[in-house]
Each structure stands twice: as structure tokens, then as C-alpha cells.
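Novice: Below is the structure I would like to discuss, written out as C-alpha cells.
The values are calculated or read from the model by the stated rules, or taken from the named source; none is laboratory data. All figures in this text were calculated on a predicted structure; none of them were measured in a lab. Quick reminder, even Gly has a Cβ in these numbers, built from the backbone with ideal geometry, and neighbours come from all protein chains shown. When the accessible area is computed, the model is the full protein with side chains, heavy atoms only, and any ligands, DNA or RNA have been set aside. Shrake-Rupley method; radii C 1.70, N 1.55, O 1.52, S 1.80 Å.
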Amino acid sequence: MENNNQTSTDFFLLGLFPPSEIGLFSFIFIVLIFLMALFGNMSMIIVILLDIHLHTPMYFLLSQLSLMDLNYISTIVPKMASNYLFGNKSISFIGCGVQSFFFITLAGAEGLLLACMAYDRYVAICFPLHYVIHMRKRVLVLMITGSWIMSSINSCAHNVYALHIPYCRSRTINHFFCDLPAMLTLACMDTWVYEYTVFVSTTLFLVLPFIGIACSYGRVLLTICRMHSTEGRKKAYSTCSTHLTVVTFYYAPFAYTYLRPRSLRTPTEDKILAVFYTILTPMLNPIIYSLRNKEVMGALRRVIQRICSV
């Protein structure tokens, strides 16, 4: 839908689903993924909250990841689904700003949180005797609040810039949510300054944490290889490989999307990559962490037995 009326402040999202049977099938598939993500992340939060065996720093950080993923996917999918169902692709100027703010905040916070989780595993495996000191409650609170605050400040800076520039072309955004780089292709001024800030933000919130994660896990793998206990080595390897799987699913498409110059990006490719870090990753995280973690599965059984007995 195109709208060249300059008096309108609404944007129009072209969406993800084509008006065909394939689009309907894709819509149903995405809704099922959304429901799985809601159930999976809520289950992880409840299990970690109710089972005392999971009241440890690692699982506290994992519950925060589930909370972020729960809000993350809820920021994107409901609006996209309602636009498809009701055929109304418009989103208000303020609504677009709010969606963009929460998207950038949650994306940045999750990137930092994954780095905190890697640090937790690094300390637990490389310095087990100092784990209680390095990962005490105050440190955990600082990690979580720091991730939220830094990401919120970054999101505010991006949105203040994007919402105060003139949009003089069509207000049709070729995306399924208010992604600021996609919005700024509609601006009637040179936005090279913003493209530079996107590169800087992506480096700070994705590239540097990823480098930190890679370095910490390099040290962790060396420590695992030196372990004498086969059971301890197997448990440590399972935990680390699980986290690395989540990190790869999240960082790779995100960094590939936002570190490329605009001339090398296409709307279709951006939308496909966005599906990975906005929809698939929030659904996969609880599955990966629960199915490959005996402690979580054991806690889930205990919570279910407790509920059934009540």
C-alpha cells in the first residue's frame, strides 16, 4: 500500500506475508512459533522461579534471557499478525517510535546479557573456587541493570534522531516492523550520520560482546581439555556448546544485517534475516536450554509433580 499524502503521519508496513496461500501458510507458521516462544519462555521463568535447585547465578541470567525473549517477540509479532488479519498495514508515527524503541532496547540488552552469561561460564569453569565471589548477587544485579540501562540509552539516541528528521517521500516501509534503517530510506535528507551511528552501535552491542564471548570460550575449551574428570568435562562441554549455539543464532544474522553498507542490502534479504533474530531465536532459546540441560528438565518434572499434587 502506498501513501504519498504529506499530511498523514502514519507509516505503512508492507509486512512479511504475500497475499497468497503461501502467505497464509507462513502466517500460521509464524503464529505457531510465537505461541511456542510464549509458552517456552514463560515455562522457563516459572520453573527457575519455583525450583530452589535453580536459584543460582547461571539460571538467574537464563531467566532474564527468557524475559527479554518474551518481550522481544511480543514487540514484533502481534502487530504484524493484526496487520495481516485485518488488512490494515498502517502504524502511527508514535506507535512506530515505541515499537522501534523496545526493539532496539531488547536487542541490545540481549546482546550484552549473552556476554554476561559467557562470563558466568568462564568464571565457573576456569575459576571455580572464586565463583561465589565473582558472581555474587550484587554483581548479577549490576549486570542486568547495566544491560538494560545501556541499551535503553542507545535506543533513545537512535529514536530521537529518527523521529526528528523530515520524511518527504512515500511512508511505506518495506519491512514487517519499524526497523529504523528501513525507515530512513524514506527520509528526504542525507542520513550518513545515522548510518555511521548504526555501525558504531552494532560494534558496541554485538561485535565487542561477541569477541569477548569467543575469547572467554577459547579459554574455557582449554580448561575443559585439561579436566581429569570425564563427567565434569562432558557437563562443561554440554553447557558451553548450548550457549554457543544460542549466540550463533542471535549474533550472526544481526551483525550481517547491520554491518553491511546500504548499497549491499536488499529489503527481502533484510526481512528474511530479521526473522531469525526477532522470531526464531526467542522460540529456540528455551528449547535449546531445556532439552540439553538435565537440571532444567529435572526441575520441570518436579514443578509439574508439585502442581499435579496440589
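Novice: Could you go through segment 136-159 and let me know if any residue there is outside any helix (DSSP H, G or I) and either in contact with a Pro (Cβ under 6 Å, 6 or more places away or on another chain) or within 30 Å of LEU221 (Cβ to Cβ) (or both).
Specialist: Start the filter on segment 136-159 by keeping residues that are outside any helix (DSSP H, G or I), which leaves 136.
After this cut, where a residue has to be either in contact with a Pro (Cβ under 6 Å, 6 or more places away or on another chain) or within 30 Å of LEU221 (Cβ to Cβ) (or both) as well, the list is 136.
For segment 136-159, residues outside any helix (DSSP H, G or I) and either in contact with a Pro (Cβ under 6 Å, 6 or more places away or on another chain) or within 30 Å of LEU221 (Cβ to Cβ) (or both): present.
Novice: While we're here: Within segment 260-303, track down each residue that is within 17 Å of the chain's Cα centre (by Cα), under 30 Å from ASN174 (Cα atoms) and of a type in the set (A, V, I, L, M). Steps first, answer last, please.
Specialist: Applying the first criterion (within 17 Å of the chain's Cα centre (by Cα)) to segment 260-303 yields 270-289.
Among the residues that remain, those that are also under 30 Å from ASN174 (Cα atoms) are: 270-285.
Of everything in segment 260-303, those that are within 17 Å of the chain's Cα centre (by Cα), under 30 Å from ASN174 (Cα atoms) and of a type in the set (A, V, I, L, M) turn out to be ILE272, LEU273, ALA274, VAL275, ILE279, LEU280, MET283, LEU284.
Novice: Within segment 168-185, can one find any residue that is more than 16 Å from TYR256 (Cα to Cα), open to solvent by 50 Å² or more (accessible area, probe 1.4 Å) and modelled with pLDDT of 85 or more?
Specialist: Yes, that holds for at least one residue.
Novice: Pick from GLU195, GLU231: which is over 14 Å from CYS126 (Cβ atoms) and either exposed (fewer than 12 other Cβ atoms within 10 Å of the Cβ) or touching a Phe, Trp or Tyr at 6+ places or on another chain (Cβ under 9 Å) (or both)? Give the steps one after another, and end with the answer.
Specialist: Working: GLU195 fails: either exposed (fewer than 12 other Cβ atoms within 10 Å of the Cβ) or touching a Phe, Trp or Tyr at 6+ places or on another chain (Cβ under 9 Å) (or both).
Step by step, each of GLU195, GLU231 is checked, and only GLU231 is over 14 Å from CYS126 (Cβ atoms) and either exposed (fewer than 12 other Cβ atoms within 10 Å of the Cβ) or touching a Phe, Trp or Tyr at 6+ places or on another chain (Cβ under 9 Å) (or both).
Novice: Considering each residue of segment 83-129, count those that are of a type in the set (Val, Ile, Thr), under 20 Å from PHE11 (Cβ atoms) and open to solvent by less than 30 Å² (accessible area, probe 1.4 Å), and give that number.
Specialist: Step one: filter segment 83-129 for residues of a type in the set (Val, Ile, Thr), giving 91, 94, 98, 104-105, 123, 125.
Then keep just the ones that are under 20 Å from PHE11 (Cβ atoms); that gives 91, 94, 98, 104-105.
Going one step further and asking which of them are open to solvent by less than 30 Å² (accessible area, probe 1.4 Å), we end up with 91, 104-105.
Total satisfying the criteria: 3.
Novice: Just to be sure, is ARG301 more than 17 Å from ALA115 (Cβ to Cβ), open to solvent by 20 Å² or more (accessible area, probe 1.4 Å) and touching a residue at least 24 places away in the same chain (Cβ under 8 Å)? Can you show your working first?
Specialist: Values: more than 17 Å from ALA115 (Cβ to Cβ): yes; open to solvent by 20 Å² or more (accessible area, probe 1.4 Å): yes; touching a residue at least 24 places away in the same chain (Cβ under 8 Å): no.
It is false that ARG301 is more than 17 Å from ALA115 (Cβ to Cβ), open to solvent by 20 Å² or more (accessible area, probe 1.4 Å) and touching a residue at least 24 places away in the same chain (Cβ under 8 Å).
Novice: Another question, if that's okay. Restricting segment 130-153 to residues that are open to solvent by less than 40 Å² (accessible area, probe 1.4 Å) and closer than 19 Å to THR197 by Cβ, which is farthest from the chain's Cα centre (by Cα)?
Specialist: Top of the filtered list is SER152.
Novice: Being over 20 Å from PHE102 (Cβ atoms), among the hydroxyl-bearing types (Ser, Thr, Tyr) and touching a helix residue (DSSP H, G or I) at 6+ places or on another chain (Cβ under 7 Å) is the filter here, so list the residues in segment 44-76 that pass it. Before you say what the answer is, go through the steps one by one.
Specialist: Applying the first criterion (over 20 Å from PHE102 (Cβ atoms)) to segment 44-76 yields 44, 46-62.
Narrowing the set further to residues that are among the hydroxyl-bearing types (Ser, Thr, Tyr) leaves 56, 59.
Within segment 44-76, TYR59 is the sole residue that qualifies.
One line per residue, one yes/no per condition, for (1) open to solvent by less than 40 Å² (accessible area, probe 1.4 Å); (2) part of a helix (DSSP H, G or I); (3) touching a Pro at 6+ places or on another chain (Cβ under 8 Å):
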residue	(1), (2), (3)
PRO18	no, no, no
PHE27	yes, yes, no
ILE33	yes, yes, no
ALA37	yes, yes, yes
VAL47	yes, yes, no
SER66	yes, yes, yes
